[in-house]
Ligand SMILES: NC(=O)C1=CN([C@@H]2O[C@H](COP(=O)(O)OP(=O)(O)OC[C@H]3O[C@@H](n4cnc5c(N)ncnc54)[C@H](O)[C@@H]3O)[C@@H](O)[C@H]2O)[C@@H](O)CC1
Ligand SMILES: Nc1ncnc2c1ncn2[C@@H]1O[C@H](COP(=O)(O)OP(=O)(O)O)[C@@H](O)[C@H]1O
Ligand SMILES: [K+]
């Protein structure tokens, strides 16, 4: 898995890589610029006017200068705007790239940028080298870049200029508001925070050839989960596999008026491969389940949890369950649980029960449920992750802080950010589908860590697949129906 390093570690990572391959920092900068231009070529952009490229004096600016040269070579009309004065010291590679610019490319001061004359802007002003408070001139430059907002796309190189790589931004700080952020080698931590969504825009990870193992040698507990990581975590079944191998799961969900949550979770569990799915529901609601999900069985009274390989608790459940019932359920259950929605709200009201939850269980709060569970509203995702991580280490539980790039805090202290998913998943019932997928993997004998990583990744991938068909019209049922394709995409049978 790709380790997410801090901005300060980038130089060490790059240096180690350069030494291993025997390449110079200039060659690595060239690779970065090539990866940007290759992505650009794949987008088939049609721009009527020129592309403006803002370049700073550091290596982020050097990337921009190399990009300007390569785009111009590819026939694109570019104009460079320097964010430094003649007396400013440039980084050596930036200076070299400035000298390598073909004579035909106009190079002007940032102050002369007229937003009406360009079709697109590339922001190569500041990257991971930003230190401390922005200086006044940098604020003016960022405002100048943002004067282009609404006139065309802004592509930020590595980071939107002004955004610190590892921290939550204070509201007062100006930052370039990118349409796309194209980040090198690994997503900088701050690019994954929900509070930065409006300045990061669409996030694109560009590979510059530094292998995951090189990241692993450096300190850090944050990771980025990608397709290649989840493929080997899957269990493989064989010719003689029987339905018992695929697990027996119980989903304790639903109440009058909220049976849809139970249906979605049950269908998701079946589509993920569960052998047997039983729903614990109010008896009055049995008919809707038997019609909507004939493959599922129903029980109406508390069951012996030993009969199941995994149990999900919460979707549409309501909060009428007594502390005593919940407490004795936790104490008598030994299989891992998935706890979502009202299951989490019950825990928020009775935090003394948390210590009784079976170890390895998976809790899946969205940001609102997270605030309720931890009793505070967090504005900084960094704080949220810190608290979540400590909680998981203390109670030996796994936590999925849901949203774009869901943050998975594991019982072993790692925090893993998911790469799959789409904005079209922000629709009712999608969280219930996740509960069904997770309980299914647990029931199939996946370790809690494998289950949570595979489950969150598949859920996002199925969302992408359904989203590409339905766009903003996508509903949770479409996501369930896309689960089979998410397995095909990973070549898992
Ligand atoms: N070998 C490398 O280091 C590589 C770096 N790359 C690029 O280089 C970037 C990092 O380069 P650098 O370390 O030179 O840093 P940056 O270019 O990100 O930032 C340094 C610049 O920021 C200015 N600055 C810092 N703090 C400021 C503040 N508070 N207010 C105003 N200006 C401030 C400095 O004066 C300097 O001009 C990465 O983000 C990436 O884009 C890539 O080319 C890959 C290789
Ligand atoms: N903008 C987004 N990008 C990616 N995934 C998203 C986005 N918004 C929501 N999701 C995912 O959709 C799911 C929504 O879950 P939840 O908020 O519990 O919904 P509900 O309670 O309606 O079922 C989560 O898994 C979350 O990660
Ligand atoms: K930048």
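Taking the range 82-132 as the range and being in a strand (DSSP E or B) and either touching a residue at least 60 places away in the same chain (Cβ under 8 Å) or not assigned by TED's automatic domain parsing to the domain that holds residue 69 (or both) as the test, the residues that pass are 118, 119, 120, 121, 122, 123, 124.
Condition check for residue 187 on (1) assigned to a loop (DSSP other than H, G, I, E, B); (2) within 12 Å of ligand 3 (Cβ to nearest atom); (3) buried (at least 20 other Cβ atoms within 10 Å of the Cβ): one failure, at (2). The set of residues in the range 356-371 being in a loop (DSSP other than H, G, I, E, B) and either outside the structural domain of residue 399 (by TED's automatic domain parsing) or under 19 Å from the mean Cα position of the chain (by Cα) (or both) consists of 364, 365, 366.
Look at (1) within 18 Å of residue 154 (Cβ to Cβ); (2) in a loop (DSSP other than H, G, I, E, B) and you find that residue 44 fails only one, number (1).
Quick one: which residue in 375, 360, 413 is farther than 30 Å from residue 277 by Cα, away from ligand 2 (no atom under 16 Å from the Cβ) and in contact with a helix residue (DSSP H, G or I) (Cβ under 7 Å, 6 or more places away or on another chain)? Only one candidate qualifies: 413. No other residue among 313, 326 is closer than 20 Å to residue 398 by Cα and modelled with pLDDT under 95 apart from 326. Of all residues in the range 133-166, those satisfying the criterion of being within 7 Å of ligand 1 (Cβ to nearest atom) and part of a loop (DSSP other than H, G, I, E, B) are 133, 134, 135, 158, 159. Remark: pairs (first residue in the range 50-64, in contact (Cβ under 8 Å) with a residue 24 or more places away in the chain and within 15 Å of residue 131 (Cβ to Cβ); second residue part of a strand (DSSP E or B) and within 9 Å of ligand 1 (Cβ to nearest atom); Cβ separation under 7 Å; 6+ apart in sequence or on different chains) = 56/124; 60/124; 60/157. Each residue in the range 217-250 was checked for being more than 21 Å from residue 457 (Cα to Cα) and either under 29 Å from the mean Cα position of the chain (by Cα) or part of a helix (DSSP H, G or I) (or both), and 5 of them qualify. Checking residue 86 against (1) surrounded by fewer than 11 Cβ atoms within 10 Å (Cβ to Cβ); (2) within 21 Å of residue 204 (Cα to Cα), which single condition isn't satisfied? Just one mismatch for residue 86, condition (2).
The values are calculated or read from the model by the stated rules, or taken from the named source; none is laboratory data. What you see is a predicted model, and the numbers here were worked out from it, not measured in a lab. A quick note on method: Cβ atoms are made from the backbone with ideal geometry, for glycine too, and the neighbour counts reach across all protein chains shown.
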